[in-house]
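Handing you a structure now.
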Amino acid sequence: MEVHADLALLPLHRSNHLRVWKGQDGAEGLRDLRWVENLPLGSHKTTVVLCGEMPAGEDPVLYVYATNLMITSDRVLEAVSASGRERHHIEDYFNTAKNHGIGLGHVFCANSNVSKNLFVLLQVAAILWTIICHGFLKRVFPWAARATDMALAHALGEGMRAQLFPAQLPHPGQIRFVT
């Protein structure tokens, strides 16, 4: 499906337009929203929202959102501000994990099950790291708040290496749930 061809319908939907000035007296810039409903996307109907932001003193930015919600002028700003912006946080997280964090950008295996399992393990590791590092260490210990993530990882690794495991560890195994 070619969405850009269907967006040629945009001028025909003149009532699907909302312009909002941001900040007091528009000092923070302008947000211009336009949308087209019932665009075919495979076997589904979607609404495409174009959100142009012109921040004061900065370059303009165009965001495009596709949703299955029926958009009205009352709901368009809520859909873009609340739901649409949350997507940016998710994308930022994956960009960090891929390029700067746990190495999701590398091809590890040609076997899809192995790749999926590795992905899940890396995600669990990233979540645990966030909880331990940012949720606990940096809040509780002043020295950790000043340390970089790399220095904290090194300190935790050295601490685990120096700590001997007890001799009576339980035997490793698996728990399987049968339905």
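Every number here is computed from the coordinates shown, using simple stated rules; none is lab data. Quick caveat: nothing in here was measured; it's all calculated off a predicted structure.
Which ³J(HN,Hα) values, rounded to whole Hz and listed in residue order, are derived for region 63-71 from phi using the Karplus coefficients 6.51, -1.76 and 1.60 in 6.51 cos²θ - 1.76 cosθ + 1.60 with θ = phi - 60°, glycine and proline given as x?
Karplus values, whole Hz, x for Gly and Pro: 10, 10, 10, 10, 9, 9, 6, 7, 9.
Please report the Cα spread of region 106-179 along all three principal axes, rounded to whole Å, starting with the longest.
Principal-axis extents of region 106-179 (Cα, largest first): 46, 37, 25 Å.
Need the list of lysines near Lys98 for cross-linking: C-alpha distance under 18 angstrom, and skip anything on the same chain fewer than eight residues off.
Lys116
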